Number of protein chains: 4
Amino acid sequence: MRAKLAIGGILTALLAAAGGPVAAQDVNDAPLQQNWAPSEWGPDDKAGAVNRTTSELVMKAVGLVKQGKVATLGKVYQGDAPAFGSRGWRLTIPGLPTGGPFGSHKLVYNDEYLATEIGQIGTQFDGPGHIGVMTSKGDFFYNGRFLEDADVTAYGVGPLGVEHVAQKGFVCRGVLLDAAAYRGGPLAVPSGKGDPGIITDADVEAMVKAQGIAPIGEGDCVFLYTGHGNIWDPKDWDKFDAAEKQSRVAKFNAGEPGFGISACEYLAEKKIILTGADTGAVEALPGENADKPFECHMQLQTRRGIWNIENLDLSQLVADKAYEFLFVWAPLKMKGATGSPGNPVALY
Amino acid sequence: MRAKLAIGGILTALLAAAGGPVAAQDVNDAPLQQNWAPSEWGPDDKAGAVNRTTSELVMKAVGLVKQGKVATLGKVYQGDAPAFGSRGWRLTIPGLPTGGPFGSHKLVYNDEYLATEIGQIGTQFDGPGHIGVMTSKGDFFYNGRFLEDADVTAYGVGPLGVEHVAQKGFVCRGVLLDAAAYRGGPLAVPSGKGDPGIITDADVEAMVKAQGIAPIGEGDCVFLYTGHGNIWDPKDWDKFDAAEKQSRVAKFNAGEPGFGISACEYLAEKKIILTGADTGAVEALPGENADKPFECHMQLQTRRGIWNIENLDLSQLVADKAYEFLFVWAPLKMKGATGSPGNPVALY
Amino acid sequence: MRAKLAIGGILTALLAAAGGPVAAQDVNDAPLQQNWAPSEWGPDDKAGAVNRTTSELVMKAVGLVKQGKVATLGKVYQGDAPAFGSRGWRLTIPGLPTGGPFGSHKLVYNDEYLATEIGQIGTQFDGPGHIGVMTSKGDFFYNGRFLEDADVTAYGVGPLGVEHVAQKGFVCRGVLLDAAAYRGGPLAVPSGKGDPGIITDADVEAMVKAQGIAPIGEGDCVFLYTGHGNIWDPKDWDKFDAAEKQSRVAKFNAGEPGFGISACEYLAEKKIILTGADTGAVEALPGENADKPFECHMQLQTRRGIWNIENLDLSQLVADKAYEFLFVWAPLKMKGATGSPGNPVALY
Amino acid sequence: MRAKLAIGGILTALLAAAGGPVAAQDVNDAPLQQNWAPSEWGPDDKAGAVNRTTSELVMKAVGLVKQGKVATLGKVYQGDAPAFGSRGWRLTIPGLPTGGPFGSHKLVYNDEYLATEIGQIGTQFDGPGHIGVMTSKGDFFYNGRFLEDADVTAYGVGPLGVEHVAQKGFVCRGVLLDAAAYRGGPLAVPSGKGDPGIITDADVEAMVKAQGIAPIGEGDCVFLYTGHGNIWDPKDWDKFDAAEKQSRVAKFNAGEPGFGISACEYLAEKKIILTGADTGAVEALPGENADKPFECHMQLQTRRGIWNIENLDLSQLVADKAYEFLFVWAPLKMKGATGSPGNPVALY
């Protein structure tokens, strides 16, 4: 039941799991004891914090578009780009051409055939079925759903499926926090609590102030730029040869800077609806509590339905100092999927 | 080299291809004789008509958002939904959970593993590598690229890859043409030229007028609502049992109403940048020229770089009579892919 | 955690699983109480009953080859053939050709790209990781291994992997039991205990006697011919059109004749090492105990390490009355797989 | 249309293909000029040299079994083992368990979901659809079939499918040529013609003589042991860590010793029906004609229907000096596939 992870550096130790069957006490019943369910949107809710979006908030966000500029925030999906653990991306073109010629005009066409962890590779969105907690009642997910429920199967996570979030989509005020500017350079992988590679609640407040933007508030989508994502160059990965790519993949995957849990709790209190970053986890690995890898994932996603999008290309926004923008994106409506690939659009 | 298509009704006959090797004369050299390449954006262009988008057009489109309403236009991806030919969708959840428990907080996670024609199934975008023409010089695609070029391989269509369009994305004035309202009910599969299931250039002009919107113009994205898409119910496909689904899949795939070539030529002259519809092809099958299936595909896409998005859920826009809106969407940056799945966002 | 099965007829009811999380008492602790582990080959064994094969038994089996005849017992793998539940088979040819031309001789080559439940589709072998029992200690599998063990992951069943059986392979005396001849025609899907569609221990003895062969004994591989497999024609499935195929798939999957548990227990006592048949389960569905679907699977495989191969083409052996033969086959050594595809060879 | 190969060492240069569309003269019309078709088994034949097998030859091969020993000759399939070019192997376990619990006995089961170049990875068999020649009439394959034929599609190679060979299977006298013993150690990657890493016709004759076995003759299956395959350890690949595996994969793929074209022509004259080896190509790379990579593939397979099986584990046979044995194996009957995975059985 445990994942074998072929990752390097700090993460290997962080994520090491002892062998043997899981003992009864070897669980975390916080979700049960602290009443993480039902969510504030009721026991039937399947979408989470995106429910906060209102027409008023949409109109306010639309008002941020001043120059008519557009940035696409996704990175290029390709087989040799970094991926977590043993995830992989394989794309082939059947037939070349796949079909035709049809008709007197001799039309031909191509498809592609893809095999991959579609929602959890490259630029990826974490939906309700992605992160949970092992409890004595089973594996607890958003809004009190369990993997052991009858409608969660080998072929889809049922009511935890991303399609329920995707039906709503994200149209919000995007806030860019440029931590690399704030720290005076790209953040390095943190060595533990107190390290500048971890962005705290105080750091968030300081960046908002330094950047001269309105405070983070309800319905916002908040994106962190650390510079770590440039190891996996967002503009032209193919300028590197195979050896250089392999070296960069290892470096990219060996821990990362990002939000600490104090920042995540702060953002949750402000009632934001989405986090994102130029990194693979958005939060620091390791973070403020070294024994709790992906703690923000659990506290924001499983507990509060505040979803997350990873491995964004924020370089154009950083270059343009576009600290506030209209963020528009909806995950794919993939029935029973845990997440989604994406190429979100920022307008400013 | 020819596709075997397990489709029903009219299409089977339309797309029947004679056996035997392709004779030398059995080609269509129109692209070579009519100088379809280089495109108006130069020989290096890989994006097509989306190049028409300007900051001014973006700002004008943003100005269409009045109520703060949001519609997501994708349909749900699932294995038993309609697909063309032998395309298929298989999604599984490795492990359940896929990984964990990690750390003292016992975090677990799920991935999904998907195998599919990712860019050409369900709500799908046709990019530069999808449609071409068999000529005496090889299979001709957008801007004079050939499948026989060295950088088009079994693992991706190289310079024809959708990532180059995806880098730009579509931010445009969306125009909804409600043909079902215009015709007084859902359009049926046409029987041939002159059939009301085919939308002509005159019909487009008449609908624009009837709907009281500004003329179609440069940089617009134009979407046709026929009602045919409701056979594949966009809101709750799972309300049908397996037999009903199979019956509806067959009906959905057996030809479709849509644009005729006269409408497509009209739209091209108006310099639009994207077509779309609630159907699988956007254009009528059969269309005005029964011997040229997918003629609009070739004339808009291969020749002019005006791309296309199929199987949209336009029902909310129709219900709200949202005939003009801000359309925001970018294909996935999948290296070397022919198309992209999608869940575009309309704001109005 | 429960499978949703899109299957028809009797099976749907048989396999219906109640919703809701699994209660503590909702388990079967027989494997724990009856000491199903360690197996008779010791706690480290990963191969099961194939361990019974000796050089002497091999030489005896080789002695059965008299005419120099060869039969291949696999059925053709193709996407429209019957499959259990939602399993599927997708094969594409990347590129066509996939690669080349290479060298002055202009060599080209093709690959195929396949996505499927490789070990559990078509002619398929059930290995140690396929069948288990839900107990209060976890999901119990052959020789006391649990799915909850640390080395069983989303990427392979670890020590339960089929490669350990595959390392040995099956070289045995093959015994064909022609139940269709014995019953005077193809067996029908049984309606319950006592139905002629269920082959009992007494039936096995009677067939051996009627066929005039030596008694079933240690190290034998025993194959049952019911005639049910002809619904999925083993010689030319493609002579049927799509509608006929769909109809036959439904019929093939709606229950099946086969061994009852009394026959399976009998065969286990005789110390055979493999069962097989021209059906999808080898055992009757429903069998002698209607509330225990796949009871033989559990009692032979999980408990005793007597593996099973399904959907064989036994037609040539039946036509030749080849009731005893040299059976030679080894599963694929797929690390961590639950089973294997196959095309076993019979020599006689 | 050309493959991009991510391989190292000598092969990269050998297989480099110039860019640009293929010129009319850039073909090899030898198959057309030398009448490679129809084959000696007639224009309808789809199986090739395996047609030589007779009952008499089968009985003679059966007579080689003296000790009752069994060796399985396949290697373990796993994601981190060597593969050619960009081929890959991904296996996941949906659900874990995939299905259940069923019935009062609470049965659960697992499947695996695999995505891979199934016939051309690991221990692999080259069938009629794998190797061809680019000619002025199209891509020529065994018995004069062309990839451009109407029944060769993106979903299978039609009459070139491996299922036609698989229907017959290989039951033959296996001959092991121990080149490592003959050369006094594992063969190294050859540097060109005359290098001891290339096994010539004279070497074959010398080895047969040295090993004291009967001459190679009609219907034989001939296997070469070079020692190169031990770089990819056939018994326990997992004893190596990830870095060591990567290093060995690179070394394994950087050219290889094997048969030269003179040996292949010799074996063809002797009317053998199958070649095999402990290497990825069986023939030397580079071989006697450095400008013709995979020349044996073309001359044996495309021209004569003598198929080939690669990456065998011959270590037990070598250790036992089992130079003659009964070889029993049939490819999987995969409709329209180019090859097959395998785990052949040797009895001696």
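The two copies D and A are related by a rotation, and the chain D beta carbon nearest its axis, with distance in whole angstrom, is D:A115, 2. If you roll a 1.4 angstrom probe over the protein chains with everything in place, what fraction of the accessible area of chain D belongs to carbon and sulfur, to the nearest %? About 51 percent, which is the carbon plus sulfur part of the accessible surface. Taking D:T72, D:T302, D:T92 as the candidate residues, the one with maximal mean-square fluctuation in a Gaussian network model of chain D, Cα springs under 10 Å, is D:T92.
In nanometers and ordered shortest first, the copy-to-copy spacing of the A:A188 label point, defined 7 Å from Cα toward Cβ, is 4.4, 7.4, 7.9. Excluding same-chain residues fewer than 8 positions from D:K245, which aspartates and glutamates have a Cα within less than 13 Å of its Cα? Answer for D:K245, where 13 Å is the Cα cut-off: D:D80, D:D233, D:D236, listed by chain and number.
Legend: mean number of C-beta atoms from other chains within 10 angstrom of residue C-beta atoms, peptide C:130-143, equals 4.
Simple spin-label estimate for A:D151 and D:N289 gives 6.6 nm between the two label positions (7 Å along the Cα-to-Cβ direction from each Cα). Under a 5 Å amide H cut-off, with hydrogens placed 1.01 Å from N, C:D151 pairs with A:G20 among residues at least 5 apart or on other chains. Each residue of region D:49-62 was assigned a 3J(HN,Hα) from its phi angle through the Karplus expression (A = 6.51, B = -1.76, C = 1.60, θ = phi - 60°), giving 5, 4, 4, 5, 5, 10, 4, 5, 5, 4, 4, 5, 5, 4 Hz with x at Gly and Pro.
Can you give the relative contact order of chain A as a percent, counting alpha carbon pairs under 8 Å and 6+ residues apart? Walk me through the numbers before you get to the answer.
Details: 787 pairs, mean separation 100.2, N = 348.
Relative contact order here is 29 percent.
Computed with a 1.4 Å probe over protein heavy atoms only, the accessible surface of the protein assembly as shown comes to 30 Å² per residue. Of all DSSP bridge pairs formed entirely within region C:237-348, close to 50 percent run antiparallel. In region C:61-169, which trypsin sites (Lys or Arg not before Pro) fall in coil by DSSP and have 16 or fewer other Cβ atoms within 10 Å? Filter output for region C:61-169: C:K66, C:K137.
Grab the beta carbon distance between A:W41 and B:K66, set R0 = 30 Å, and tell me the FRET efficiency rounded to 0.05.
0.65
Before we go on, tell me the buried accessible area for the C/A pair, both chains summed, 1.4 Å probe, in Å² to the nearest 100.
Numbers: alone 15990 and 16000 Å², together 29890 Å².
Summing both sides, the interface buries roughly 2100 Å².
Counted over chain C, the DSSP beta bridges are approximately 65% antiparallel.
Using Cα pairs under 8 angstrom and six or more residues apart, how large is the relative contact order of region D:30-159, in percent?
Details: 126 pairs, mean separation 29.6, N = 130.
Taking the mean separation of contacting Cα pairs over the length of region D:30-159, I get 23 percent.
Taking amide hydrogens as placed 1.01 Å from N in the peptide plane, the amide H of D:I306 sits under 5 Å from those of D:A49, D:Q301, each at least 5 positions away in sequence or on another chain.
In nanometers and ordered shortest first, the copy-to-copy spacing of the B:K66 label point, defined 7 Å from Cα toward Cβ, is 2.6, 9.2, 9.6. Each other copy holds its own label point for A:A243; taking that point as 7 Å from Cα along Cα to Cβ, the gaps run 1.6, 6.4, 6.6 nm, nearest first. Give me the distance between the Cα centres of region C:290-348 and region C:78-92, rounded to whole Å. The distance from the Cα centre of region C:290-348 to that of region C:78-92 comes to 20 Å.
Hey, got the dipole for region D:66-164? About the Cα centre, +1 on K and R Cβ, -1 on D and E Cβ, debye to the nearest 20? Intermediate results must be reported in sequence, preceding the final value.
Working: 8 positive and 10 negative charges, 105 e Å.
In total the dipole reaches around 500 debye.
Derived scalar couplings between HN and Hα for region B:221-234 equal 10, 10, 10, 10, 9, 10, x, 4, x, 6, 4, 8, 3, x Hz in order, rounded to whole Hz, by the Karplus curve 6.51 cos²θ - 1.76 cosθ + 1.60 (θ = phi - 60°), x for Gly and Pro.
Structure remark: mean-square fluctuation, Gaussian network model of chain D, C-alpha springs under 10 Å; the largest value among D:K193, D:K245, D:K209 belongs to D:K209.
How shielded is A:318-326 by partner chains, expressed as the average number of their Cβ atoms within 10 Å of its Cβ atoms? Working shown, then result.
Values: counts 0, 0, 0, 0, 0, 0, 0, 0, 6.
Average per residue, whole number: 1.
Considering helices alone, the calculated mean residue ellipticity of the protein assembly as shown at 222 nm is -4500 deg cm²/dmol, with DSSP H runs of length four and up weighted by -39500 (n - 2.57) and normalised per residue. Report the Cα centroid-to-centroid distance between region D:189-208 and region B:183-261 in angstrom, as an integer. Each part reduced to its Cα centre gives a spacing of 68 Å. Straight-line reach from A:K106: which aspartates and glutamates have Cα under 14 Å away, leaving out those fewer than 8 places along the same chain? Hits, sequence-local ones excluded: B:D26, B:D29, B:D139, B:D291, B:E295.
Take each residue in D:78-91, count the other chain C-beta atoms within 10 Å of its C-beta, and the mean is 6. Take each peptide in B:200-208, C:127-135, count the other Cβ atoms within 10 Å of every residue, and average; sorted highest first, the result is C:127-135, B:200-208.
Under the simplified labelling scheme, the C:Q33-C:A242 pair shows an inter-label distance of 5.3 nm, with each label point 7 Å from Cα along Cα→Cβ. Name the most mobile residue of C:G280, C:G138, C:G174, meaning the one with the largest mean-square fluctuation, in a Gaussian network model of chain C with Cα contacts below 10 Å. Comparing C:G280, C:G138, C:G174 in a Gaussian network model of chain C, the most mobile one is C:G138.
Kindly identify chain D as rounded, prolate or oblate by the Cα gyration tensor criterion: order the square roots of the eigenvalues as a ≥ b ≥ c, call it rounded if a/c is under 1.5, otherwise compare a/b with b/c, prolate if a/b is larger, else oblate. The partial results should precede the final answer.
Values: a/c = 1.23, a/b = 1.09, b/c = 1.13.
Note, shape of chain D comes out rounded.
Close amide H contacts of D:E283 (hydrogens built in the peptide plane, cut-off under 5 Å, sequence separation of 5 or more or a different chain): D:F259.
The values are calculated or read from the model by the stated rules, or taken from the named source; none is laboratory data. Keep in mind that this is a model prediction, so the values were computed, not measured. Positions of Cβ are generated from backbone atoms using ideal geometry, with glycine treated the same way; all protein chains shown enter the neighbour counts. We work out accessible area using only protein heavy atoms, side chains counted, and drop any ligands, DNA or RNA first. Shrake-Rupley method; radii C 1.70, N 1.55, O 1.52, S 1.80 Å.
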